[in-house]
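S.K.: Take this structure first; my questions come after.
The values are calculated or read from the model by the stated rules, or taken from the named source; none is laboratory data. For clarity, every value in this text was computed on a predicted model and none was experimentally measured. Methodologically, a virtual Cβ is constructed for each residue, glycine included, from the backbone with ideal geometry; neighbour enumeration extends over all protein chains shown.
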Ligand code: NDP
């Protein structure tokens, strides 16, 4: 499939297949990849990979591992930089593809693709920058060297909500530090991963170093997780799948890291700039249709400003333009799938039954093209013990929890099994300092949205949100290299 084809307004369905040992291979069945903004638009036809294909990909990665581990740092730099440059150069076209298959707006999708390219460029220079350490021994005539080596074959298992940036922030450091990769993207978003693999396949990377398998998680993902030849698994997705992966990796002694969901609080205090608070709430809770692990789905608001905040937020939400992801006017696209839409609607019903007041939204919307359109939903009069405040919904649904003061706001913010991101809107430097120190989230945002972190900064959560070392930035080295301590002169 060429660039020209991708750029057409109504392009033919892409033929998507897996990349194993440098070859595009046919799988077992064909599955359609549907545009959630327009269910008549088939973005791609996926040739679905099998367990045997995943095993072949792992074998290819294993065979390629010694060569790539020994490759010159300059070779690794050049290849990763080339991959990053092509992704950045094609960000409009690839952003359009991402928006078509996932449903986030064109602006969000293009930005995501550009960050994915930038991540390759950031990690391109890591091989050239890699340093070792040398310690002075307590014994004479002995040096102690700490060297970093690749871990071997790494399995990367990624979710549907960031089809470009999450594969990039795992694959770029994995390759930079000399590992071989088997990437298994979520079934809902094969096209972005395929486009990404197509670029990598022409980058000069030796065959087998990067492999892509497009197939179901329970079969292809499980094969990666269970394989004794996969030394490490980096996973982003739901808690339920993360726990299964953890058990399998522990059982066979494999290294693993998990980034899972969130139920992130945005605290709005009595001295808050309310315009800023509403902007942070709309961006944090509703952009990308709320389908972000960092989404601020719990809005914890001081009594003194509660009514004014809710009124302003409701007015803004009523005006939010929900529509086709490819329409430049759209502010919020559809939700990703029928399954996710059903989950969102079921939680809206649960909220009603729990006694929360659905102030607005939660309605299926009709648009010129049939898609999974849901109006942004806002619950008020909620308490933190309700299921809608404890369980991740992963849709355009937020709740307001009224609190008396800062102390109660902090307690409510931390009263969750998750701990990914947390935000506070206030002008008080003392409360800001206190919140920074006492929030139990891995990432804290002051006077801004809880979602939309810098691509070059570490990414991490606490409690049920994450397990293992943070991702990205200098922390990536901890996961993608193994230390060796050498004694001798
Ligand atoms: P899932 O956990 O359903 O799937 C994630 C990935 O795991 C998919 O590629 C899936 O494949 C695969 N998978 C499923 N079962 C297995 C298995 N048994 N063995 C190995 N792999 C498997 O999550 P979603 O894709 O639905 O993503 C949404 C979730 O991800 C939300 O809970 C969200 O909070 C979380 N998330 C967390 C982020 C973070 O950094 N903390 C960032 C983004 C999302 P398949 O699609 O084929 O089922």
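Results for (1) within 13 Å of the ligand (Cβ to nearest atom); (2) surrounded by fewer than 24 Cβ atoms within 10 Å (Cβ to Cβ); (3) not assigned by TED's automatic domain parsing to the domain that holds residue 58, shown as yes or no for each residue.
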{"site": "166", "(1), (2), (3)": "yes, no, no"}
{"site": "171", "(1), (2), (3)": "no, no, no"}
{"site": "174", "(1), (2), (3)": "no, no, no"}
{"site": "177", "(1), (2), (3)": "no, no, no"}
{"site": "183", "(1), (2), (3)": "yes, no, no"}
{"site": "193", "(1), (2), (3)": "yes, no, no"}
{"site": "202", "(1), (2), (3)": "no, yes, no"}
{"site": "214", "(1), (2), (3)": "yes, no, no"}
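S.K.: Just one of 473, 466, 449 is within 18 Å of the chain's Cα centre (by Cα) and at positive phi; which is it?
M.R.: 473
A quick yes/no check of all residues on (1) in the same structural domain as residue 106 (by TED's automatic domain parsing); (2) at pLDDT below 95; (3) in a strand (DSSP E or B); (4) farther than 20 Å from residue 95 by Cα:
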site: 4; (1), (2), (3), (4): no, yes, no, no
site: 28; (1), (2), (3), (4): yes, yes, no, yes
site: 34; (1), (2), (3), (4): yes, no, yes, no
site: 39; (1), (2), (3), (4): yes, no, yes, no
site: 42; (1), (2), (3), (4): yes, no, yes, no
site: 46; (1), (2), (3), (4): yes, no, yes, no
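S.K.: Collect the residues in region 433-489 that are away from the ligand (no atom under 16 Å from the Cβ), in a loop (DSSP other than H, G, I, E, B) and within 23 Å of residue 299 (Cβ to Cβ), keeping them in residue-number order.
M.R.: Of everything in region 433-489, those that are away from the ligand (no atom under 16 Å from the Cβ), in a loop (DSSP other than H, G, I, E, B) and within 23 Å of residue 299 (Cβ to Cβ) turn out to be 439, 447, 448.
S.K.: Do the conditions hold for residue 299, that is, is it assigned to a strand (DSSP E or B) and more than 16 Å from the ligand (Cβ to nearest atom)?
M.R.: The answer is yes for residue 299.
S.K.: If I filter region 399-411 down to residues being crowded, with 20+ Cβ neighbours inside 10 Å and either in a helix (DSSP H, G or I) or within 16 Å of the ligand (Cβ to nearest atom) (or both), which single residue comes out as farthest from the chain's Cα centre (by Cα)?
M.R.: This residue is 406.
S.K.: Same structure, new question: Of all residues in region 216-238, how many are in a loop (DSSP other than H, G, I, E, B) and within 15 Å of the ligand (Cβ to nearest atom)?
M.R.: Residues meeting the conditions: 5.
S.K.: Out of region 236-257, which residues are surrounded by fewer than 24 Cβ atoms within 10 Å (Cβ to Cβ) and under 15 Å from the mean Cα position of the chain (by Cα)?
M.R.: Correct list: 237, 238, 239, 241, 242.
S.K.: Among residues belonging to region 377-398 that are outside any helix (DSSP H, G or I) and without any contact (Cβ under 8 Å) to a residue 60 or more places away in the chain, point out the one that is surrounded by the fewest Cβ atoms within 10 Å (Cβ to Cβ).
M.R.: 385
S.K.: For region 118-138, state whether one or more residues are within 16 Å of the chain's Cα centre (by Cα), in the same structural domain as residue 42 (by TED's automatic domain parsing) and within 16 Å of the ligand (Cβ to nearest atom).
M.R.: Yes: one or more hits.
S.K.: Then there is this: Which one of the conditions (1) closer than 16 Å to residue 165 by Cα; (2) surrounded by fewer than 17 Cβ atoms within 10 Å (Cβ to Cβ) does residue 139 fail to meet, given that it meets all the rest?
M.R.: (1)
S.K.: If you don't mind, another one. Looking at (1) within 23 Å of residue 34 (Cβ to Cβ); (2) surrounded by fewer than 21 Cβ atoms within 10 Å (Cβ to Cβ); (3) more than 16 Å from the ligand (Cβ to nearest atom), which one does residue 374 not meet, given that it meets all the others?
M.R.: (2)
S.K.: Kindly evaluate residue 267 against the criterion of being part of a helix (DSSP H, G or I), more than 14 Å from the ligand (Cβ to nearest atom) and at pLDDT 95 or above.
M.R.: No: the conditions fail for residue 267.
S.K.: Still on this structure: Within region 414-432, can you find the residues that are surrounded by fewer than 22 Cβ atoms within 10 Å (Cβ to Cβ) and assigned to a loop (DSSP other than H, G, I, E, B)?
M.R.: Once the filter is applied, which keeps residues that are surrounded by fewer than 22 Cβ atoms within 10 Å (Cβ to Cβ) and assigned to a loop (DSSP other than H, G, I, E, B), region 414-432 yields 415, 417, 427, 428.
S.K.: So if I check each of 411, 482, which one is in contact with a strand residue (DSSP E or B) (Cβ under 6 Å, 6 or more places away or on another chain) and not assigned by TED's automatic domain parsing to the domain that holds residue 130?
M.R.: 482
S.K.: If you scan region 309-329, which residues turn out to be farther than 14 Å from residue 365 by Cβ, touching a helix residue (DSSP H, G or I) at 6+ places or on another chain (Cβ under 8 Å) and not in a loop (DSSP other than H, G, I, E, B)?
M.R.: Across region 309-329, the qualifying residues are 309, 312, 313, 316.
S.K.: For residue 109, are the conditions met, namely being in contact (Cβ under 8 Å) with a residue 60 or more places away in the chain and farther than 23 Å from residue 481 by Cβ?
M.R.: Considered against the rule, which asks whether it is in contact (Cβ under 8 Å) with a residue 60 or more places away in the chain and farther than 23 Å from residue 481 by Cβ, residue 109 comes out as yes.
S.K.: Now, a different point. Go through (1) under 27 Å from residue 441 (Cα atoms); (2) assigned to a helix (DSSP H, G or I); (3) within 7 Å of the ligand (Cβ to nearest atom) one by one and return the number of the condition residue 247 breaks.
M.R.: Looking at each condition in turn, residue 247 falls short on (3).
Conditions (1) within 14 Å of residue 161 (Cβ to Cβ); (2) surrounded by fewer than 23 Cβ atoms within 10 Å (Cβ to Cβ); (3) in contact with a helix residue (DSSP H, G or I) (Cβ under 7 Å, 6 or more places away or on another chain), marked per residue:
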site: 263; (1), (2), (3): no, no, yes
site: 266; (1), (2), (3): no, no, yes
site: 278; (1), (2), (3): no, no, yes
site: 282; (1), (2), (3): no, yes, yes
site: 290; (1), (2), (3): yes, no, no
site: 302; (1), (2), (3): no, yes, yes
